[in-house]
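This report concerns only the one structure given below.
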Amino acid sequence: STLTFEIAKNESIEKRSDEIYLTSGNLKDTVKVHQAGEAPSIVISKDEYVLKSEGESFEVEVASNVNATMNLAFPEGVEPWIAENTTRAMSTNKYIFVASANETYDSRSAMIIFANAESNVSDTIRITQAQKDAIVVAKSSYNVDNSGGTIEIEVGHNIDYECSISADWITRAETTAME
């Protein structure tokens, strides 16, 4: 005769074994059944976040069949600007992070790494935060004598901008010089 057995999925990373016994009186035979465990894995719901310069909170969902450690990684020489928000109740698969405001005029980046060293598995999130938008003039006040003249205003900027004038006695000189 043929006996058929259904084997349930092993959702653990550990392999498992059990036995099936066939008996009749003093007769006994044993069938050993071995089942592999799932491959160790860490899966993050979203692998890249782009944040506003003002700073904000963001949530990361982590699915894992191993214990995962979390590590924040910043480029060398960069002060940490993301922290885990531990004041909120946290389930085992959700992490809340808070990014501080970016007060610099350059975008910045970091990584959050979830890993399990025993199984040699990891997943990484890349975080990019926008720069603080700015228009900065080198000098904010100019004195011109009553005969008129020309002033040059040095403008530092990391965004597109428009120039407008509030009076008709000041006009923008059109030049063909490079900006």
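The values are calculated or read from the model by the stated rules, or taken from the named source; none is laboratory data. This one's a predicted model, so the numbers in the text were calculated from it and none came from an experiment. Backbone-built Cβ (ideal geometry, glycine too); neighbour counts: all protein chains shown. Side chains are part of the model used for accessible areas, which takes the heavy atoms of the whole protein and leaves out ligands, DNA and RNA. Shrake-Rupley method; radii C 1.70, N 1.55, O 1.52, S 1.80 Å.
Data table
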{"quantity": "HN-Hα J in Hz across segment 8-24 - Karplus 6.51, -1.76, 1.60, θ = phi - 60°, x for Gly and Pro", "calculated": "6, 4, 8, 8, 8, 7, 7, 6, 9, 9, 8, 10, 10, 10, 10, 10, 7"}
{"quantity": "Inter-probe distance in nm under a simple model that places probes 7 Å from Cα toward Cβ, at Ala39 and Ile159", "calculated": "4.6"}
{"quantity": "Residue of Ile125, Ile42, Ile135 that the Gaussian network model of the chain assigns the largest fluctuation, springs spanning Cα pairs under 10 Å", "calculated": "Ile135"}
{"quantity": "Gain on full stretching of the segment that runs from Gln131 to Glu11 - 0.36 nm per residue minus C-alpha separation", "calculated": "38.8 nm"}
{"quantity": "Whole-Å distance, taken between Cα centres, linking segment 1-64 and segment 109-179", "calculated": "53"}
{"quantity": "Surface/4 estimate of mean projected area, convex hull on alpha-carbon atoms of segment 1-158, nm²", "calculated": "17.4"}
{"quantity": "Heavy-atom accessible area order for Trp81, Trp169, largest first, 1.4 Å probe", "calculated": "Trp169, Trp81"}
{"quantity": "Interchain or long-range residues, amide H under 5 Å from Thr104's placed H", "calculated": "Lys132"}
{"quantity": "³J(HN,Hα), Karplus 6.51/-1.76/1.60, whole Hz, each residue of segment 31-46, x for Gly, Pro", "calculated": "10, 8, 10, 10, 10, 5, x, 5, 5, x, 8, 10, 10, 9, 4, 9"}
{"quantity": "Tail fraction, Cα-Cα pairs, segment 32-98, threshold 13 Å, whole percent", "calculated": "74"}
